Amino acid sequence: MKLAYLFSGQGSQFAQMGMDLYRTNATYRATIDEAATALQVDLTEPTVWDDPAQVQVVILAMSYAIYRQLTTQLPAPVAAVGLSLGEYSALVASGALDFAAALRLVRDRSQYMATAGKQHPGKLAAVLKLNPQRVTELCEDYAGVYPANYNTARQTVIGGTSEAVTAIQPQLLAAGAKRVVPLAVAVASHTPLMESASKALFKRLQAERFAAPAFPVISNTTNRPFTVEQLPTTLANQLVKPTHFQQNLLQLVQNYHVDTVVELGPGTTLSKFAKQTVPNLVTYHVDTVETLQQVQAALQVRSE
């Protein structure tokens, strides 16, 4: 088995996610408690887990806690990919970034993004079943709207000012898009509207120390493995440049011969993208006690 982990981004979180794992899994519980100490926040309090202002650190803590449980039970991954926020989880898992430092960094990243969103309001929308290149071409004809996420050959997310995202929709539908679906997000991430957040994050990253990752973590922004030297620039650029998750998945298969992926963190979004992009991939996800047990049974590992 050639295993890769996919680390969830923001958008698929659910109420009280991970609390069943916290109650029943010692490794998971210890990791969440470690995160709570680092942040000086009670992460067992439901109002914290459900707070939009805390969601990025919650997803990071949850994803890494699940990774810690599985890493002693499964073969070492040959590579990993995280979507947007999920890159921080992947970097922590690889040893490139300290867990406590990453939590504080992601907390600040969330604040930078919120501030930029207030200064430059915007929105995102998913364009379904239209060639990504055609979406890109149409965006070039409209000021204030940009490709934000190249998720699959059948889904590209666009972002920008509310006016521009609304104005381009008739052209996208006329070009053949089946639907253009507004996303429930507060900021137009991965577009130039996040420039002030990107600059603040780059300055913040100068204070961090990075190590060589134990396994390759492929960047959404460059579609190449992160390097220690380029980590600050790449993570800062991620806020203003589009993600290329489809290409990341193809690289996992073509360059690392991955045949099995396990998505860690809330939801099944990345597993679905993986199946749509590489149909013969074996995919799993873990975000509850039940799904953890399913993966343990399917891959014949011992449970805690």
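Quick notes on this one:
- Lys, Arg +1 and Asp, Glu -1 on Cβ, resulting dipole of the chain about Cα centre, debye, nearest 20: 540 debye
- Lysine pairs meeting the criterion (Cα under 29 Å, 8 or more apart or interchain), as found in the chain: 22
- The stretch 121-155 and the stretch 178-218 have their alpha-carbon centroids 18 Å apart.
- Within the accessible area of the stretch 122-182 (1.4 Å probe), percent carbon and sulfur: 50 percent
- Other-chain or far-sequence residues with amide H under 5 Å of THR243's (modelled H): ASN149, TYR150
- Estimated vicinal HN-Hα couplings, Hz - the stretch 143-160 in sequence order (Karplus 6.51, -1.76, 1.60; Gly, Pro = x): 5, x, 9, 9, x, 10, 9, 8, 7, 8, 5, 10, 9, 10, 9, 10, x, x
- Sequence-separation-based contact order of the chain, relative, with Cα cut under 8 Å and 6+ spacing, percent: 24 percent
- The phi-based Karplus calculation (6.51 cos²θ - 1.76 cosθ + 1.60; θ = phi - 60°) puts the 3J(HN,Hα) values of the stretch 279-293 at x, 8, 5, 8, 10, 9, 9, 9, 8, 8, 4, 4, 6, 4, 5 Hz, whole numbers, x for Gly and Pro.
- Beta bridges assigned by DSSP with both partners in the chain are antiparallel in approximately 50 percent of cases.
- Residues whose placed amide H lies under 5 Å from that of HIS285, excluding near-sequence neighbours: GLU263
- Based on C-alpha pairs under 8 angstrom that are at least 6 apart in sequence, the stretch 85-238 has a relative contact order of 29 percent.
- The 3J(HN,Hα) values that the Karplus relation (6.51, -1.76, 1.60; θ = phi - 60°) gives for the stretch 200-215 are, in residue order, 5, 5, 4, 4, 5, 5, 5, 8, 8, 10, 10, 10, 5, x, 6, 9 Hz. Gly and Pro appear as x.
- Accessible area per residue for the chain, computed on protein heavy atoms with a 1.4 Å probe, is 42 Å².
The values are calculated or read from the model by the stated rules, or taken from the named source; none is laboratory data. All values reported here derive from a predicted model rather than from experimental measurement. Cβ coordinates were reconstructed from backbone atoms using ideal geometry, including for glycine residues, and neighbour counts include every protein chain displayed. Ligands, DNA and RNA are stripped out before the accessible areas are found, and what is left, the full protein with its side chains, is counted by its heavy atoms. Shrake-Rupley method; radii C 1.70, N 1.55, O 1.52, S 1.80 Å.
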